[in-house]
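Data block below; observations after.
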Amino acid sequence: MTSPARVPDERGFFGSFGGRYVPEVLIPALDDLEKAFNDAVADKSFNDTLNVILADYSGRPTPLTTAKRYAGAGTSFVLELKREDLNHTGAHKINNTLGQVMLAVRMGKERIIAETGAGQHGVATATAAALFGLPCAVYMGVEDIARQAPNVERMKLLGAEVLPVEDGAGTLKDAVNEAMRDWVRNVAGTFYVLGSAVGPHPYPVMVRHFQSVIGIEAKEQFLKKHGQLPDIVVACVGGGSNAAGTFYAFLDDPVRLVGIEAGGTGDDPGLHGSSLGLGSPGIFHGSLSYILQDDDGQIVTAHSISAGLDYPGVGPEHSSWLTSERVEYFRVRDESALAATSVFTRDEGILPALETAHAIAWIGESAAVLAGRKILLCLSGRGDKDMETLISREVQV
Amino acid sequence: MNRLKDLFSSGRKALAVFLTAGFPEPGLDEELALAVLDAGADILEIGFPFSDPLADGPMIQRASELSLENGTTLAKSISLAGRLRQKTEAPLVLMGYANPVYHMGYPEFADRVAGAGADGVIVADLPLDESGPLRDELKGKGVSLIPMAAPNTSVGRLDEIIKTGSGFLYIVSMTGLTGDAFEAEAPWRKLARIARDEGSLPVCVGFGISNGDDAVRAVREADGVIVGTAVISAIFRGLEDSREAAVENAVDLVRELASALEMEYPFKE
Ligand SMILES: Cc1ncc(COP(=O)(O)O)c(C=O)c1O
C-alpha cells in the first residue's frame, strides 16, 4: 500500500488524475474560484460561519447510529451508520452546497446553477440558494425528472427553476453538459455549484473539503463509542463525494476503505455505472479520471437503478486511490440494492437512498467475511425520493 | 511545406470553414468539403465527433450526434482528411475534443494526422495547461496544435498561449457556445489587437460568424475568420429538400462569405 498524495498539486492533479480539461473560456473562472476557495478555507470567519450554519440549519453533527440487526449487525459484527440522511434535505449533498453557495456570495456572484441526478444535489443547492437569497437554476435529465418526481417538486417549491435536459439518455451526464454550457455563457456572474467530487480543478478538492466533515465527525464519534477506529469504512460511489468526504479522515489510518459502485444489470457496456471497476482512464467533464468509454473514446451511457450513481465518470481522487490501491472498489447490481433496501429498512427502521443501498448490499453480501469486524458505513441519504421506483419495482418496504 | 504559414504570409484574409466528418453521411461529407473549398474556403476544419461536445451549441451538437450514428470515429475522420489531401492543397485542420485523441494515444494520433497530410489540430477542451504532451507529439511530426483564446483570457496568459502556439491563434469571439450571436464590438477585439501586435501568430476569430457582414466586421481585427454553425445550419436546411440542396446551400453561404471578404480586402495573387 503506497501512500497517495493528500492534496492535488498546483495544477489540480491527484497523482496522474485530475487537471483542467475545459474550454479556455472557463480557465479564468476556475482561477478565480480556486483563489476564492483557498482564501475562504484559510479565513476563520468563513469557517466559523459555515460551521454555525451546518449545526443550526442542517443539524450537524449527524449521529452515529449502531445498527441492530441487518445481516448480523450487533451479533456477528459491529455496524455503525453515519447518518447523513438526517441532514436537512435528507442527504450529504447539503454539506457541499452550503459551502459552495457561501463561496458564491463571498465572490459576489448573482446566480446559482447546478446539475442534478437523483435530485438530492438539486434540492440541496436550491435550499442553499433560498437560504442566501440567490436565484437558482437546476439542470436535470428528463429520465431523472421522471424517476425522481418528488425532488423536482421540492426544487420548484424552493424557488429554483428546473431545466429539463433531453440530450442523450436524459440522465446526470447530460445535465452536467448543459450546466457547463450555461456556465460558459454566463461565466462572469454565475456560480456553478457542482454536486460531486468531479469536474475540473478546483472542484474535486473543494467538494471533498466540504464533505470531509463526514469522516472527521464519524472518526471522533466512532473512537468515543468503541475506543478504537473502525476496521472497515464503506461508502457508495457515484461521482464520489460522500465516499471521499468519509474516507479522507481515515487515509493515514490502518483502516480498510471500500467504495461501492453501481453494478447496474450487468458488466457489459451500457448496463452499469462502474467507472473504476470496468472503465479506463480518459478525459471527461473537465478532468482526467476513470470513465466509461468505447474503442473510439466516446462516452458510454451509464445505467443504474439509482439516479445518483448513474454516471459514466468518477472523481479523479478516487482514480488515484484505485491505482495506489489505498481504496478497494466493488460493484453491486440493481437487484441487490433493491433487495437490501427492503431488508435494511425493516431491520433497522431506516429507509436508505438507493445509492446508499448499494453499500448496504455489499455489507450484507460480505457478512461472512466481516465477522468480528467493526464497520463504519456512510449512510449518505434517505430513500423517500425513491418511493416511486420502489413501488414500481414492487419492493416491499 | 507549411500550408498554413504560406496562406497567411500571402496577406490574404483567410476563410476557414468547419464541417463535421461523417455528416450528414459518409461520402457526402467529402463532397461538401470539396465543394466549399471550390466555393472559396481557404482552410477546411474537419470536426471529429464526440458524444459530449461541451463547447458546442445545438446545431453542431446535432451534427456530431448524426455523425456518431453514422459510425464515424476519430480514425475515420482522419482518413477523410487523407482522402481530401489527395485532391486539394488547402490547409486541413482536425478539430474536436480531447478524449478520442487521448484514447487513441497522442503518438499514434500524431502519426496518423501527419500521415493523412493534415496541417493542424484544434482541441476545444485542451487549454494551455494541459496541451503540452499533445503539442510536443504533433510538433515532432510537423503538425500545429492551434491554440484557443477567449475574451476573458488575461494578457499574461495570452502571451504564453501565443508563445507556445503554432499555425494560428483561434480567438473565440464571445463567452458562449458555437452558434451564439456574434458581437462585432466586443472584448475579443482588444485581445486580437494585442495578439496581432505581438506578431508571431496569425489571428483567426470564430464563434457566431454567420454571414458576409459578420465576416467583414470580424476580419478588421484579424487575419481570418472561422465559420461553423452557419454552414452546418445551411446544410441542415438543405437536407429537408435533398442532398443536392444541402451542398448548394453550403456553397452559396461560402461564396457569400468569400466574396464579402474579397470585396473588402481585394487580394491580387
Ligand atoms: C443519497 C446519495 N448518496 C450518494 C450519491 C452519489 O454521489 P456521490 O458519489 O458524489 O456521493 C447521491 C447522488 O445524488 C445521493 O443522492
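The values are calculated or read from the model by the stated rules, or taken from the named source; none is laboratory data. The structure displayed is predicted, hence computed values, not measured ones. We place every Cβ from the backbone using ideal geometry, glycine too, and count neighbours over all the protein chains shown.
Please give the number of the condition A:THR97 fails out of (1) at pLDDT 95 or above; (2) under 24 Å from A:ILE375 (Cα atoms).
Only one criterion is unmet by A:THR97, namely (2).
Could you list, in sequence order, all residues of region A:251-271 that are in contact with a Lys or Arg (Cβ under 9 Å, 6 or more places away or on another chain), within 16 Å of the ligand (Cβ to nearest atom) and either closer than 23 Å to A:ALA371 by Cα or not aliphatic (A, V, I, L, M) (or both)?
A:LEU257, A:ILE260, A:GLU261, A:GLY263, A:GLY264
Could you list all residues from region A:234-251 that are under 10 Å from A:ALA218 (Cβ atoms) and either of a type in the set (Val, Ile, Thr) or surrounded by fewer than 24 Cβ atoms within 10 Å (Cβ to Cβ) (or both)?
We begin by selecting, within region A:234-251, every residue under 10 Å from A:ALA218 (Cβ atoms); these are A:245-246, A:249-250.
Selection gives A:THR246, A:ALA249, A:PHE250.
If A:VAL237 satisfies all but one of (1) more than 16 Å from the ligand (Cβ to nearest atom); (2) in the same structural domain as A:THR356 (by TED's automatic domain parsing), what's the number of the condition it fails?
(1)
Would a scan of region A:77-93 turn up a residue that is within 14 Å of another protein chain (Cβ to nearest Cβ), touching a helix residue (DSSP H, G or I) at 6+ places or on another chain (Cβ under 8 Å) and more than 13 Å from the ligand (Cβ to nearest atom)?
Residues of region A:77-93 within 14 Å of another protein chain (Cβ to nearest Cβ): none.
No, the conditions are met nowhere in region A:77-93.
Going residue by residue through region A:181-195, is there one that turns out to be more than 14 Å from chain B (Cβ to nearest Cβ) and within 16 Å of the ligand (Cβ to nearest atom)?
Going through region A:181-195, the residues more than 14 Å from chain B (Cβ to nearest Cβ) turn out to be A:191, A:193, A:195.
Remaining after also requiring within 16 Å of the ligand (Cβ to nearest atom): A:193, A:195.
Yes.
Which one of the conditions (1) touching a helix residue (DSSP H, G or I) at 6+ places or on another chain (Cβ under 9 Å); (2) aliphatic (A, V, I, L, M); (3) more than 16 Å from the ligand (Cβ to nearest atom) does A:LEU223 fail to meet, given that it meets all the rest?
Just one mismatch for A:LEU223, condition (1).
Restricting to region A:12-69, give me the number of residues that are part of a loop (DSSP other than H, G, I, E, B) and among the aromatic types (Phe, Trp, Tyr).
Keep residues of region A:12-69 that are part of a loop (DSSP other than H, G, I, E, B), which gives A:12, A:15-16, A:22-23, A:42-43, A:57-63, A:67-69.
Still in the list and also among the aromatic types (Phe, Trp, Tyr): A:57.
Residues in region A:12-69 being part of a loop (DSSP other than H, G, I, E, B) and among the aromatic types (Phe, Trp, Tyr): 1 in total.
Checking A:PHE191 against (1) of a type outside the set (Asp, Glu); (2) more than 27 Å from A:PRO28 (Cβ to Cβ); (3) buried (at least 24 other Cβ atoms within 10 Å of the Cβ): exactly one of these is not met. Which one?
(2)
Collect the residues in region B:189-206 that are small (Gly, Ala, Ser) and part of a strand (DSSP E or B), keeping them in residue-number order. So that I can check it myself, show each step before the final result.
Filtering region B:189-206 for residues small (Gly, Ala, Ser) gives B:192, B:195, B:199-200, B:206.
If the condition is that a residue be small (Gly, Ala, Ser) and part of a strand (DSSP E or B), then B:GLY206 is the only one that fits.
Identify, from the list A:GLU110, A:GLU143, the residue that is away from the ligand (no atom under 15 Å from the Cβ), touching a residue at least 12 places away in the same chain (Cβ under 8 Å) and either basic (Lys, Arg) or in contact with a Gly (Cβ under 9 Å, 6 or more places away or on another chain) (or both).
Working: A:GLU143 fails: away from the ligand (no atom under 15 Å from the Cβ).
Selected residue: A:GLU110, the only one of A:GLU110, A:GLU143 that is away from the ligand (no atom under 15 Å from the Cβ), touching a residue at least 12 places away in the same chain (Cβ under 8 Å) and either basic (Lys, Arg) or in contact with a Gly (Cβ under 9 Å, 6 or more places away or on another chain) (or both).
Scan region A:363-378 for residues that are assigned to a helix (DSSP H, G or I) and either within 16 Å of the ligand (Cβ to nearest atom) or in contact with a Pro (Cβ under 6 Å, 6 or more places away or on another chain) (or both) and report the count. Outline the logic, then answer.
Start the filter on region A:363-378 by keeping residues that are assigned to a helix (DSSP H, G or I), which leaves A:363-365, A:367-370.
Remaining after also requiring either within 16 Å of the ligand (Cβ to nearest atom) or in contact with a Pro (Cβ under 6 Å, 6 or more places away or on another chain) (or both): A:363.
Count: 1.
Would you point out the residue of region A:272-297, among those that are under 21 Å from B:GLY71 (Cα atoms) and surrounded by fewer than 22 Cβ atoms within 10 Å (Cβ to Cβ), that is nearest to the other protein chains (Cβ to nearest Cβ)?
Only one residue fits best here, namely A:ASP296.
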